[in-house]
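K.L.:
Questions regarding the structure given below will be posed in turn.
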Amino acid sequence: MHGGAKRGTRVRKPNDRLRVAFVLPSLVRAGAETQTVNLVNGLADRAFEKHLFVFESNMDQADRVRQPGVALHHVSRRSKFDLAPVRALARLIDEKEIDVLHCSLQIALFMGWCARRVSRRKPRLLVALHTTHNRSRREDMFDLLLFQWLMRSCNRIICVCQAQERHWQNKYAFLRGRTQVIYNGVDTEFFSPDTVSDAGAKLRRELGIAPDAVVACCIAAFRPEKGHDILLRAFARALESEVDAYLLLAGAGPRLSEIEALVTELGLNQRVEFLGIRADVRPILAAADVSVIASTAVETFSIAMLESLSMGVPVIATDIGGAGEMVFPDETGLLVPCGDPESLARAMTKMFGQPAACAAMGRKGRQLVMRQFSEEMMLSRTTDLLVEHG
């Protein structure tokens, strides 16, 4: 606490743990949610009393929350206007004497801001942004009419890459001087090619893919902004070079049946494999020569990209969000314009035809992640921020 005791705050003793409530909409298997669970799990138990508050129904990653070190609170709202989660979070703030409220995503900030208004205690308020370009004009209007005003109440706004910070500061000038970049990070020991040395070859055998065939993968939910249709059209064009190549798609989502139909329409049934949701994506990455991300919106600093690079798999990615801060052309992968299947097809053809260069890019990608984007770095920087504002 800074500047002496204030109304609704707790006077902490030197050895007291900092009490932090992390607010997250759901535990769906997606980037922001995975990163928040990794963060809460990884912060030191001896320094923090950690609470994770979730208010939507999807709890797919609940088994990943490390209890009892993390207290998981789930109060699912029954409708958009259900205030039960707000009241429950306010009670949590007061009963557990929360020092810092850390919200991930804008809707979580709305929930945290409302609860803070209701609670007697007034913890410091932080928000971690995980979006850059919105999916629709409607979401832009929500930022303009609602979320920018909530951000004005925050003690700090966390951005997950420099491109995102520039985007939001250009969007709202009041954010200048109030943001801080803490890069997403991955566990480089877990996501290491050495941990699953035989799993990739095993998966290839199960799928009937020859050891010398080229394999691309895309690990992403089947949502419109992930660009699976663009990826498939680009892959079909890349196959015109008569390369022996396959595409592995992992994930689930509302567009799955539509994308399955497109695979049939393009005549790719023998070349595209749908693998569903995989709790452990390392075997897929171990089987792949290149990872492809074709997103057209939302993507900011992709966990899937970081996991791929950490596994020594180079990335072809659309130039969106902070992709250019980890994908360096001809060094760790290739960048292509958003929504351009022709450019993506050329990039895939290039990577498919240069296996030695592709492998070298993968090695450089792993070195980059270990040097700049490890989970340890993310935890250290977040610890410093929480202590500063606690």
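The values are calculated or read from the model by the stated rules, or taken from the named source; none is laboratory data. Because the structure is a prediction, the values reported are computed rather than measured. Quick reminder, even Gly has a Cβ in these numbers, built from the backbone with ideal geometry, and neighbours come from all protein chains shown.
K.L.:
Does Ala286 satisfy the criteria of being in contact with a Gly (Cβ under 6 Å, 6 or more places away or on another chain), in the same structural domain as Glu206 (by TED's automatic domain parsing), aliphatic (A, V, I, L, M) and outside any loop (DSSP other than H, G, I, E, B)? Lay out the reasoning, then the answer.
P.N.:
On the way: in contact with a Gly (Cβ under 6 Å, 6 or more places away or on another chain): yes; in the same structural domain as Glu206 (by TED's automatic domain parsing): yes; aliphatic (A, V, I, L, M): yes; outside any loop (DSSP other than H, G, I, E, B): yes.
Judged against the criteria, Ala286 is a match.
K.L.:
May I pose another question? Could you tell me which numbered condition Gly112 fails, if it satisfies all but one of (1) under 18 Å from Ala32 (Cα atoms); (2) in a helix (DSSP H, G or I); (3) touching a helix residue (DSSP H, G or I) at 6+ places or on another chain (Cβ under 6 Å); (4) not polar (S, T, N, Q)?
P.N.:
Unmet condition: (3).
K.L.:
Could you list, in sequence order, all residues of region 210-224 that are of a type in the set (A, V, I, L, M) and crowded, with 21+ Cβ neighbours inside 10 Å?
P.N.:
Listed by number, the residues that qualify are Val214, Val215, Ala216, Ile219, Ala220.
K.L.:
Which pairs do you get when a residue that is touching a residue at least 60 places away in the same chain (Cβ under 8 Å), found in region 136-155, comes within reach of a residue that is outside any helix (DSSP H, G or I) and surrounded by 16 or more Cβ atoms within 10 Å (Cβ to Cβ), reach meaning Cβ atoms under 8 angstrom, with the pair 6+ apart or on two chains?
P.N.:
Asn155/Arg124; Asn155/Leu125; Asn155/Leu126
K.L.:
Select from region 225-279 the residues that are at positive phi and either touching a His at 6+ places or on another chain (Cβ under 9 Å) or surrounded by 13 or more Cβ atoms within 10 Å (Cβ to Cβ) (or both) and list them in ascending order.
P.N.:
In the first step, residues of region 225-279 are kept if they are at positive phi; the result is 227, 242, 251, 253, 267, 276.
Hits for region 225-279 are Gly227, Gly251, Gly253.
K.L.:
Further question on the same structure: Just to check your reading of the model, which residue among Thr318, Thr383 is within 24 Å of Phe22 (Cβ to Cβ) and either of a type outside the set (Asp, Glu) or assigned by TED's automatic domain parsing to the domain that holds Cys154 (or both)? I'd like the intermediate steps shown before the answer.
P.N.:
Details: Thr318 fails: within 24 Å of Phe22 (Cβ to Cβ).
Just a single option satisfies the conditions, and that option is Thr383.
K.L.:
Also: Any idea which of Ile157, Ile209 is aliphatic (A, V, I, L, M), out of contact with any His (no Cβ under 9 Å at 6 or more places or on another chain), over 24 Å from Ala297 (Cα atoms) and not in a helix (DSSP H, G or I)?
P.N.:
None of the others qualify; the one that does is Ile209.
K.L.:
Continuing with the same structure: Scanning region 134-160 for residues that are at pLDDT below 85 and of a type in the set (S, T, N, Q), which turns out farthest from Glu388 (Cα to Cα)?
P.N.:
Here the answer is Ser136.
K.L.:
OK, next. Which one of these does Thr131 not meet: (1) in contact with a helix residue (DSSP H, G or I) (Cβ under 7 Å, 6 or more places away or on another chain); (2) modelled with pLDDT under 95; (3) under 30 Å from Met311 (Cβ atoms)?
P.N.:
Here Thr131 meets the rest and fails (1).
K.L.:
Looking at (1) surrounded by 21 or more Cβ atoms within 10 Å (Cβ to Cβ); (2) within 23 Å of the chain's Cα centre (by Cα); (3) under 20 Å from Ala238 (Cβ atoms), find the lone condition where Leu306 falls short.
P.N.:
If we test Leu306 against (1) surrounded by 21 or more Cβ atoms within 10 Å (Cβ to Cβ); (2) within 23 Å of the chain's Cα centre (by Cα); (3) under 20 Å from Ala238 (Cβ atoms), just (3) comes out false.
K.L.:
Which residue, of Gly333, Gly312, is small (Gly, Ala, Ser) and touching a Gly at 6+ places or on another chain (Cβ under 6 Å)? I'd like the intermediate steps shown before the answer.
P.N.:
Values: Gly333 fails: touching a Gly at 6+ places or on another chain (Cβ under 6 Å).
Being small (Gly, Ala, Ser) and touching a Gly at 6+ places or on another chain (Cβ under 6 Å) holds for just one of Gly333, Gly312, which is Gly312.
K.L.:
In this structure, is Pro283 within 23 Å of Asn38 (Cβ to Cβ), surrounded by fewer than 22 Cβ atoms within 10 Å (Cβ to Cβ), touching a residue at least 12 places away in the same chain (Cβ under 8 Å) and not basic (Lys, Arg)?
P.N.:
yes
K.L.:
Go through (1) closer than 18 Å to Cys358 by Cα; (2) touching a residue at least 12 places away in the same chain (Cβ under 8 Å) for Lys226 and report which single condition fails.
P.N.:
Failed condition: (1).
K.L.:
Name the residues in region 77-109 that are of a type in the set (Lys, Arg) and in a helix (DSSP H, G or I), would you? Can you show your working first?
P.N.:
Within region 77-109, the first condition is being of a type in the set (Lys, Arg), and the residues that meet it are 77-78, 80, 87, 91, 96.
Residues satisfying the conditions are Arg87, Arg91.
K.L.:
Right, something else. For Cys161, indicate whether it is within 18 Å of Val23 (Cα to Cα), buried (at least 21 other Cβ atoms within 10 Å of the Cβ), touching a helix residue (DSSP H, G or I) at 6+ places or on another chain (Cβ under 7 Å) and in contact (Cβ under 8 Å) with a residue 60 or more places away in the chain.
P.N.:
Details: within 18 Å of Val23 (Cα to Cα): no; buried (at least 21 other Cβ atoms within 10 Å of the Cβ): yes; touching a helix residue (DSSP H, G or I) at 6+ places or on another chain (Cβ under 7 Å): yes; in contact (Cβ under 8 Å) with a residue 60 or more places away in the chain: yes.
For Cys161, the condition - within 18 Å of Val23 (Cα to Cα), buried (at least 21 other Cβ atoms within 10 Å of the Cβ), touching a helix residue (DSSP H, G or I) at 6+ places or on another chain (Cβ under 7 Å) and in contact (Cβ under 8 Å) with a residue 60 or more places away in the chain - is not met.
K.L.:
What single numbered condition from (1) more than 19 Å from the chain's Cα centre (by Cα); (2) in a strand (DSSP E or B); (3) among the β-branched types (Val, Ile, Thr) fails to hold for Ile259?
P.N.:
(2)
K.L.:
On to the next question. Can you tell me which residue is surrounded by the most Cβ atoms within 10 Å (Cβ to Cβ) among those in region 60-103 that are touching an Asp or Glu at 6+ places or on another chain (Cβ under 8 Å) and of a type in the set (S, T, N, Q)?
P.N.:
So, considering only residues that are touching an Asp or Glu at 6+ places or on another chain (Cβ under 8 Å) and of a type in the set (S, T, N, Q), the one surrounded by the most Cβ atoms within 10 Å (Cβ to Cβ) is Gln61.
K.L.:
If you don't mind, there's one more thing I want to ask. When region 219-256 is examined, which residues are found to be among the acidic types (Asp, Glu) and in a loop (DSSP other than H, G, I, E, B)? Break it down stepwise before answering.
P.N.:
So in region 219-256, the residues among the acidic types (Asp, Glu) come out as 225, 229, 240, 242, 244.
Correct list: Glu242, Asp244.
K.L.:
Let me ask something additional. Out of Val23, Val37, which single residue is assigned to a helix (DSSP H, G or I), modelled with pLDDT of 90 or more and either outside the structural domain of Leu379 (by TED's automatic domain parsing) or closer than 21 Å to Ile158 by Cα (or both)?
P.N.:
Details: Val23 fails: assigned to a helix (DSSP H, G or I).
Testing whether each residue is assigned to a helix (DSSP H, G or I), modelled with pLDDT of 90 or more and either outside the structural domain of Leu379 (by TED's automatic domain parsing) or closer than 21 Å to Ile158 by Cα (or both) leaves just Val37.
K.L.:
For the list (1) crowded, with 24+ Cβ neighbours inside 10 Å; (2) in contact with a helix residue (DSSP H, G or I) (Cβ under 6 Å, 6 or more places away or on another chain), I need the number of the one condition that Ala288 fails.
P.N.:
(2)
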